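Heads up, the thing below is written out as structure tokens.
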Amino acid sequence: MSTGELGRAGEDLAAAHLIACGWQIVERNLRLRHGELDIVALAHTTLVFVEVKTRRSFVTGVPQAAVTSDKLRRLRRLAGEYLMERSTPHRDVRIDVVAVHAHLDGTFAIEHLEAVS
């Protein structure tokens, strides 16, 4: 599986996880002027911007470690850009990270970190 295929598989698993939690997926792989949002979802009345990180190994660290303070700053800016351009009904807003670890046996582990920013 190529890196791109692995990333898409991770995003598919993350979306399926969110749907199983009762969330509504609003957008996926949304390209904005200053970058891309992996998943925009509604968790009841909260609009959640979800960054998905998928890794095969922990050599470079756990997947969620790739969401640095610079990446969080960029995500906040993208969330603001999204909110200025769209009128998705919501009461609250937050940023989550879904970390996906692809095991050698073809299985995956998912860790969902809420309100990272």
| query | Just for region 90-117: of the residues that are of a type in the set (V, I, T) and within 16 Å of L78 (Cα to Cα), which one is farthest from the chain's Cα centre (by Cα)? | reply | V93
| request: Output the number of residues of region 31-55 satisfying the condition of being closer than 10 Å to A14 by Cβ, of a type outside the set (K, R) and either under 8 Å from the mean Cα position of the chain (by Cα) or surrounded by fewer than 16 Cβ atoms within 10 Å (Cβ to Cβ) (or both). | output: 5
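Read the figures in this text as sums done on the coordinates, not as results from a lab. Keep in mind it's a predicted model, so treat the numbers as computed, not measured. For neighbour counting, all protein chains shown are included, and Cβ atoms are generated from backbone atoms with ideal geometry for every residue, glycine included.
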